[in-house]
Amino acid sequence: MKFSRVKQFLKSKKVIRTGACVLAAVIVTGGVGAYHVYGQKAKTAQETTQERDADTEDRFADAEDVLTQVLKTQTKTDNDAAAEKEETVYVVADPDGTPNEVIVSDWLKNYLGADTIEDVSDLTDIENVKGDEKFTQNADGTLTWQADGNDIYYQGKTDRDLPIEMKMTYYLDGEEITPEELAGKSGKVTIRADYTNKEKAENGVYVPFAAVTGMMLNKNFTNVEVTNGKVVSDGNNQVVVGFAFPGLSESLDLDSKNLEDVNIPDYMEVTADVKDFSLDMTMTFVMSDILQELDVDQDIDLSGIEDAIDSLSDASAQLVSGSRELADGTGTLLDGINAYTSGVSTLKSGINAYTDGVAQVKNGVDSYTAGVAQVAGGTKQLADKSGDLKDGITQLVSGAMQVQTYFEGDNGIVSGAEKISAGIDQLDAALHAGMTEEEAAQAEETVNQMFAKDGETYQEIAKKAAGQYKTALTGSDELQSKVENGVSQAMYGAYKTAYQQLNAEAYAQAGKSDALEADAKAYADKMTAASASSVSNVSSQLISGIADGTSIQIGGMAAEAAKQGAVAGAKSGIASAKTAIASQIENGGLVSGAQTLSAGVRKLYGEGIQPLAVGMQSLNNSVPELMKGIQTLNAGVETLDSNSATLKAGVNTLNSKGGELKAGVTALDNNSGNLSSGAAKLKDGAQTLSDGMIQFDEEGIQKLSDAYHGDVEALLDRVDLVLDAGQSYHTFSGLKDDMSGSVKFIIRTEAIEK
């Protein structure tokens with residue numbers, strides 16, 4: 001027998017099943033047959049026999065048959081024997097377990113159908129309970145039954161001590177109380193059954209009895225709890241079954257074998273809340289052959305057990321290491337899941353932002369597709385107008401070339417600007433020359449006319465002469481022509497004509513070049529202002545000087561002197577006027593302005609007009625490529641426009657699916673918390689497993705290994721002794737040597753009632 005089977009036996013619950021079957025059979029009889037088998041404790045066996053009537057006999061037989069069939073299923077006998085004795089001991093006891101009467105029922109099994117059966121028994125008041133076979137009691141105490149091939153059923157009485165003592169103790173609210181006092185009481189009730197093994201074998205160990213106690217509790221019992229047993233309810237009543245192995249722990253000497261954790265009970269206890277306490281009879285079933293299930297006929301085999309123990313120890317160490325790694329791994333898993341849940345939250349935020357962005361993209365695509373349609377219309381119109389563009393560019397190039405001709409040649413703007421500059425120089429030289437004879441003669445004639453009239457006073461002549469001379473100066477066509485035509489027409493007119501041609505022709509053809517217009521207009525404005533200012537200033541000074549000179553001469557001379565002075569003053573005034581005009585031309589910037597104009601016109605031609613003409617020609621050459629590009633652009637835009645519907649549909653689908661994506665990631669985010677919680681529980685569980693494996697290894701496997709390498713051999717020896725003791729206990733009242741046998745005990749306690 002393997003050592004593991006020994007430990008399994010120590011925790012076996014076969015006795016529960018066995019006892020339950022027996023007790024069920026006994027309780028089913030309801031105390032009918034069994035009750036009469038036991039008899040009432042106040043009656044003797046003889047009185048019991050005399051008072052049985054036919055009906056009672058039948059009910060007794062029925063009950064005994066039930067018990068017999070049940071016990072058959074729970075016993076294991078040597079069927080090789082010629083006869084077998086199966087013995088059942090019925091004990092009628094007080095509610096505290098004290099025996100009042102012991103009745104033994106024996107069944108002699110005549111396997112060979114012999115005419116006689118030899119038996120041994122120390123019973124008294126023996127009688128055949130199922131037949132009329134007779135027996136003879138011999139001097140040596142043996143019995144000879146005239147079987148005539150039949151089985152023999154008989155019973156008798158004995159006053160021998162039972163091998164098992166059962167004590168029933170009752171408590172009410174924690175205080176011990178007698179059964180009689182407990183009847184009718186209410187409160188927390190405890191019923192404790194203690195079993196004492198009094199039967200030791202020759203080898204010094206106790207016979208391994210198993211005791212099973214059953215009781216039926218009425219509906220007044222609630223909150224029932226059982227120690228070393230079970231409780232089963234049928235709705236109205238509750239059946240309690242408890243078990244014990246009295247003396248087995250001592251027989252195995254478990255306290256010294258480091259097996260204190262193996263629970264081998266020697267009592268059972270019931271606790272309940274009770275109103276108006278009453279208790280029907282209790283039934284206890286005791287047997288000694290429970291250990292036969294372990295096949296005790298086989299020797300205990302220790303071969304290979306040491307290697308198995310070592311392998312078990314190594315495997316346990318690996319389990320400890322693995323569980324520790326599992327705990328560490330679940331910690332890492334928890335960290336990863338926490339990071340995952342954090343990432344899910346971030347993903348959720350990103351998805352929300354994404355779906356919001358998709359909505360914006362949808363709006364943008366709507367605007368884009370509308371814009372593409374507009375662009376398509378515009379590019380088509382551009383393509384349609386490209387012919388006009390080509391014609392316009394051709395005209396622009398032609399105009400630019402024509403502007404170029406205005407600047408070139410003897411009559412061009414460049415030549416005109418040079419002529420203006422030369423004219424200004426000539427005008428300046430003429431003004432610096434002396435007074436002409438014509439100018440002097442006119443002045444003298446004017447003075448003579450002033451003094452030719454008689455009757456005029458001196459002052460009147462002077463004033464008139466001064467006024468006429470002023471008028472003459474102011475209205476002189478020749479002088480006015482010199483000043484205005486020389487300055488204004490010769491310079492200003494020539495420039496104005498050139499500017500008008502430039503403005504009317506060049507700018508109209510060249511698209512009104514901003515640079516050319518600004519430069520030319522600036523020069524024109526400057527020359528116009530200089531010319532007008534010079535003419536006005538010179539005329540004003542000339543007239544003012546003549547008037548002032550005339551007034552001074554008239555005041556202090558005679559007529560002749562006045563005449564001579566007037567002539568001299570007129571000449572002097574003309575000279576002063578010429579000098580003033582020359583000064584205005586020079587100081588007013590007319591000369592330098594004309595020179596600047598000439599230089600500017602040359603620069604305008606060199607840096608503006610010529611490059612413009614070249615650029616216009618290059619532009620004209622690029623028109624075919626431009627036309628080709630416009631056509632390509634138009635085709636591309638038409639393609640965009642044709643694909644806009646597909647793009648819009650795709651974006652709409654993307655937008656609609658965005659809601660599903662958002663809902664999905666929300667559910668993922670919500671459930672990630674459960675995942676994190678589950679991972680935390682897994683980590684706690686893995687840690688608990690690791691701690692448990694360590695404890696299991698230290699307190700279980702290692703102890704087992706130590707026990708094997710230490711006291712296991714002694715323990716197994718004691719197990720063998722216990723098994724032998726169980727096998728050797730076959731009878732209570734006696735057994736013939738050549739006969740096999742078995743024995744069972746049924747103890748019934750009386751009911752507790754008010």
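The values are calculated or read from the model by the stated rules, or taken from the named source; none is laboratory data. A quick note: this is a predicted structure, and the numbers were derived from the prediction, not measured. Cβ sites come from the backbone with ideal geometry, for glycine too, and all protein chains shown count toward neighbours.
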*Residue selected from segment 220-247 under the condition among the aliphatic types (A, V, I, L, M) and modelled with pLDDT of 90 or more, by the criterion surrounded by the most Cβ atoms within 10 Å (Cβ to Cβ)*: ALA244
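Taking the options ASP356, ASP366, ASP388, name whichever one is more than 30 Å from LEU689 (Cα to Cα), in a helix (DSSP H, G or I), among the charged types (D, E, K, R) and modelled with pLDDT of 80 or more.
On the way: ASP366 fails: modelled with pLDDT of 80 or more; ASP388 fails: modelled with pLDDT of 80 or more.
Result of the check over ASP356, ASP366, ASP388: ASP356.
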*So how many residues does segment 142-186 have that are surrounded by fewer than 16 Cβ atoms within 10 Å (Cβ to Cβ) and either within 60 Å of the chain's Cα centre (by Cα) or outside the structural domain of ASN128 (by TED's automatic domain parsing) (or both)?*
3
_Some residue of segment 278-288 being modelled with pLDDT of 75 or more, more than 30 Å from LYS219 (Cα to Cα), part of a loop (DSSP other than H, G, I, E, B) and touching a helix residue (DSSP H, G or I) at 6+ places or on another chain (Cβ under 8 Å)_ = yes
*Considering SER186, SER251, which residue is among the hydroxyl-bearing types (Ser, Thr, Tyr) and out of contact with any Asp or Glu (no Cβ under 8 Å at 6 or more places or on another chain)?*
SER251
*Within segment 133-171, can you find the residues that are among the basic types (Lys, Arg) and at pLDDT 95 or above?*
LYS134, LYS157, LYS167
*Selected residue (criterion: surrounded by the fewest Cβ atoms within 10 Å (Cβ to Cβ)) from residues of segment 187-196 that are aliphatic (A, V, I, L, M) and more than 21 Å from TYR206 (Cβ to Cβ)*: VAL189
*Where LEU123 falls short, out of the listed (1) hydrophobic (A, V, I, L, M, F, W, C); (2) farther than 15 Å from ILE752 by Cβ; (3) within 60 Å of the chain's Cα centre (by Cα)*: (3)
_Candidates ASP720, ASP684 - the one that is out of contact with any helix residue (DSSP H, G or I) (no Cβ under 7 Å at 6 or more places or on another chain), farther than 22 Å from SER316 by Cα, modelled with pLDDT of 75 or more and part of a helix (DSSP H, G or I)_ = ASP720
*asked:* Testing LYS703 on (1) of a type in the set (Lys, Arg); (2) buried (at least 20 other Cβ atoms within 10 Å of the Cβ); (3) at pLDDT below 75, one condition comes back false. Which one is that?
replied: (2)
*Select, from ASN203, ASN263, the only residue that is under 54 Å from the mean Cα position of the chain (by Cα) and modelled with pLDDT under 90.*
ASN263
_Among (1) of a type in the set (A, V, I, L, M, F, W, C); (2) crowded, with 16+ Cβ neighbours inside 10 Å; (3) closer than 30 Å to THR688 by Cα, there is one condition ALA315 misses while meeting the rest; what is its number?_
(2)
*Taking the condition surrounded by 16 or more Cβ atoms within 10 Å (Cβ to Cβ) and either of a type outside the set (Asp, Glu) or assigned by TED's automatic domain parsing to the domain that holds ILE191 (or both), does ASN110 pass?*
yes
*Sort through ALA308, ALA339 and tell me the only one that's farther than 30 Å from LEU182 by Cβ and modelled with pLDDT of 80 or more.*
ALA339
*Kindly check whether there is at least one residue in segment 212-221 that is under 18 Å from ASP161 (Cα atoms) and among the basic types (Lys, Arg).*
no
*Is there any pair with a first residue in segment 622-644 that is more than 16 Å from GLY377 (Cα to Cα) and a second that is part of a helix (DSSP H, G or I) and small (Gly, Ala, Ser) whose Cβ atoms are under 6 Å apart and which are 6 or more apart or on different chains, and what are they?*
MET627/SER386
